[in-house]
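Okay, structure first, notes after.
The values are calculated or read from the model by the stated rules, or taken from the named source; none is laboratory data. None of these values were measured; they are calculated from a predicted model. Cβ coordinates were reconstructed from backbone atoms using ideal geometry, including for glycine residues, and neighbour counts include every protein chain displayed. With ligands, DNA and RNA removed, areas are computed over all heavy atoms of the protein, side chains included. Shrake-Rupley method; radii C 1.70, N 1.55, O 1.52, S 1.80 Å.
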Amino acid sequence: MELEIINRGTIKVMGKAVRTRFWKMGLSLMFHLAWLDLTKMHEKIPDQVDDNVYYGINIDFYKKKGIVSYLFGAEVSTYKNTPPGMETRTLPPSCYVKLHLVPKDEELKKALHIKGKANYGNMAKAGYQYLTDEWLADSPYERADMSENFELYFLDELKEGIYICVPIQKKMAGRSEEIEQ
């Protein structure tokens, strides 16, 4: 299992947001359609930091209400020229645990308790579950509430996997402080 602790400054993301009711087929279909829409609009995103990297950010998740919002986009240096129909999201500086997900990795599937065929959807869900329920419990870190989880999609390496990132901070007796590295 390939895990890494990374520090990131402010991340500005511009792209297409999806808001939908949470149900398996509708959710995956809406995500797929948003991804296709974004790939058509990719060149229209101005001021990209790296045109090979897409972000997937879970902006809202209201399980009891059955609603989820997700932003697909690219990191940008400024929001000055945001095209109509695109949305923006700023992630504050944070430390993250980054997990590399590869659907064909049988050992990773076992570690994440995935039965049957693995795909990016069920691996991301299992990966987030593993990081928050198992890895954090056995680590010197805890979840930092100041930022959202996100996925990284390297376009020229999609067959090599994706990355999921969860914001973390060091555990402190009685209180937490951000990680200094």
Exercise for review: Among what's in region 1-27 and is at pLDDT below 70 and open to solvent by 60 Å² or more (accessible area, probe 1.4 Å), pick the residue that is farthest from Asn122 (Cα to Cα).
Suggested key: Arg21
Check your understanding: Within region 114-134, can you find the residues that are modelled with pLDDT of 80 or more and in a helix (DSSP H, G or I)?
Key -> Met123, Ala124, Lys125, Ala126, Gly127, Tyr128, Gln129, Tyr130, Leu131, Thr132, Asp133, Glu134
Study note, to complete from the structure: If we keep only residues of region 126-167 that are within 11 Å of Leu101 (Cα to Cα) and without any contact (Cβ under 8 Å) to a residue 40 or more places away in the chain, then the residue least open to solvent (accessible area, probe 1.4 Å) is Gly127
Exercise for review: Please indicate, with yes or no, whether at least one residue in region 42-65 is of a type in the set (S, T, N, Q), at pLDDT 90 or above and outside any loop (DSSP other than H, G, I, E, B).
Suggested key: yes
